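*Asks:* Structure below; questions to follow.
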Amino acid sequence: MNPHLRYKENTAHSWARIDMLLLVYDKLVGALQDGVRCLETGKLSNLRTARFEVQRCITVIADGLDLNQGEVPRNIVRLCLFTVERTTGEVLEDWKSSLSVMQSVREGFSQIQDEARELEHTGQIPALNLTGT
């Protein structure tokens with residue numbers, strides 16, 4: 001196996017769920033920031049790309065939620081739906097409010113990052129299944 005590919009595979013296996021979740025939120029926040037910039041500068045031709053990336057990230061987040069685990073995942077779904085609804089148009093304030101909401105959610109997960117890693121390491125949170133089995 002190519003050493004670079006082996007390194008990438010080992011790195012992926014050492015990530016905790018929270019690390020990957022934060023990466024998705026980082027991409028989401030970045031896409032929302034791109035959308036805001038497009039609207040602020042009038043470059044609406046680039047807005048479609050930002051909107052697609054927002055929708056892609058929201059899909060990944062929503063797909064990973066277990067709605068049987070209480071109010072938190074259900075509330076996150078509501079915030080995801082809010083973001084999708086607000087970013088379908090070209091209203092700057094809607095994009096800014098979505099950005100603010102998702103930055104707050106991302107910050108919340110960031111604050112529990114160390115605890116989540118520890119819980120996963122001790123088996124209280126199931127580890128990622130990267131093999132698909």
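*Asks:* Taking THR133 as meeting all but one of (1) more than 16 Å from the chain's Cα centre (by Cα); (2) modelled with pLDDT under 95; (3) surrounded by 14 or more Cβ atoms within 10 Å (Cβ to Cβ), write down the number of the exception.
*Replies:* Checking THR133 against (1) more than 16 Å from the chain's Cα centre (by Cα); (2) modelled with pLDDT under 95; (3) surrounded by 14 or more Cβ atoms within 10 Å (Cβ to Cβ), the one that fails is (3).
*Asks:* Right, here's the next one. Based on what the data block shows, is ILE61 of a type in the set (Val, Ile, Thr) and either under 13 Å from LEU21 (Cα atoms) or at pLDDT 95 or above (or both)?
*Replies:* So ILE61 fits the description; yes.
*Asks:* Is it true that LEU21 is part of a helix (DSSP H, G or I), in contact with a Leu (Cβ under 7 Å, 6 or more places away or on another chain) and surrounded by 17 or more Cβ atoms within 10 Å (Cβ to Cβ)? Reasoning before the result, please.
*Replies:* Working: part of a helix (DSSP H, G or I): yes; in contact with a Leu (Cβ under 7 Å, 6 or more places away or on another chain): no; surrounded by 17 or more Cβ atoms within 10 Å (Cβ to Cβ): yes.
For LEU21, the condition - part of a helix (DSSP H, G or I), in contact with a Leu (Cβ under 7 Å, 6 or more places away or on another chain) and surrounded by 17 or more Cβ atoms within 10 Å (Cβ to Cβ) - is not met.
*Asks:* Residues of the stretch 87-111 being loosely packed, with under 13 Cβ neighbours inside 10 Å and among the polar types (S, T, N, Q), which ones? Lay out the reasoning, then the answer.
*Replies:* Pass one, the stretch 87-111, residues loosely packed, with under 13 Cβ neighbours inside 10 Å: 88-89, 91, 93, 100, 104, 107-108, 111.
THR88, SER100, SER104, GLN111, listed by residue number.
*Asks:* Okay, moving on. What residue, of LEU92, LEU99, LEU44, is in contact (Cβ under 8 Å) with a residue 40 or more places away in the chain, touching a Cys at 6+ places or on another chain (Cβ under 7 Å) and not acidic (Asp, Glu)?
*Replies:* Values: LEU92 fails: touching a Cys at 6+ places or on another chain (Cβ under 7 Å); LEU99 fails: touching a Cys at 6+ places or on another chain (Cβ under 7 Å).
Testing whether each residue is in contact (Cβ under 8 Å) with a residue 40 or more places away in the chain, touching a Cys at 6+ places or on another chain (Cβ under 7 Å) and not acidic (Asp, Glu) leaves just LEU44.
*Asks:* Look at ARG37 and say whether it is modelled with pLDDT of 95 or more, within 30 Å of GLU120 (Cα to Cα), exposed (fewer than 15 other Cβ atoms within 10 Å of the Cβ) and out of contact with any Cys (no Cβ under 8 Å at 6 or more places or on another chain). Before the answer, list the steps.
*Replies:* Values: modelled with pLDDT of 95 or more: yes; within 30 Å of GLU120 (Cα to Cα): no; exposed (fewer than 15 other Cβ atoms within 10 Å of the Cβ): yes; out of contact with any Cys (no Cβ under 8 Å at 6 or more places or on another chain): yes.
It is false that ARG37 is modelled with pLDDT of 95 or more, within 30 Å of GLU120 (Cα to Cα), exposed (fewer than 15 other Cβ atoms within 10 Å of the Cβ) and out of contact with any Cys (no Cβ under 8 Å at 6 or more places or on another chain).
*Asks:* If you check ARG37 against the conditions, is it among the basic types (Lys, Arg), touching a residue at least 24 places away in the same chain (Cβ under 8 Å) and not in a loop (DSSP other than H, G, I, E, B)?
*Replies:* The answer is no for ARG37.
Matching residues to (1) charged (D, E, K, R); (2) touching a helix residue (DSSP H, G or I) at 6+ places or on another chain (Cβ under 8 Å); (3) closer than 20 Å to ARG17 by Cα:
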residue	(1), (2), (3)
LEU44	no, yes, no
VAL72	no, no, yes
VAL77	no, yes, yes
CYS80	no, yes, yes
THR83	no, yes, no
THR87	no, yes, no
GLU93	yes, no, no
LEU119	no, no, yes
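*Asks:* Among the residues of the stretch 18-44, how many are more than 16 Å from SER98 (Cα to Cα) and within 10 Å of the chain's Cα centre (by Cα)?
*Replies:* As a first pass, look at the stretch 18-44 and keep what is more than 16 Å from SER98 (Cα to Cα): 18-23, 41-44.
Of the ones still in play, those that are also within 10 Å of the chain's Cα centre (by Cα) are 20-23.
Total meeting the criteria: 4.
*Asks:* Mind listing just one residue for me: the one in the stretch 45-83 that is under 14 Å from the mean Cα position of the chain (by Cα) and not in a helix (DSSP H, G or I) and, of those, farthest from VAL24 (Cα to Cα)?
*Replies:* LEU65
The values are calculated or read from the model by the stated rules, or taken from the named source; none is laboratory data. A quick note: this is a predicted structure, and the numbers were derived from the prediction, not measured. Every residue, glycine among them, receives a Cβ derived from its backbone with ideal geometry; neighbour counts consider all protein chains shown.
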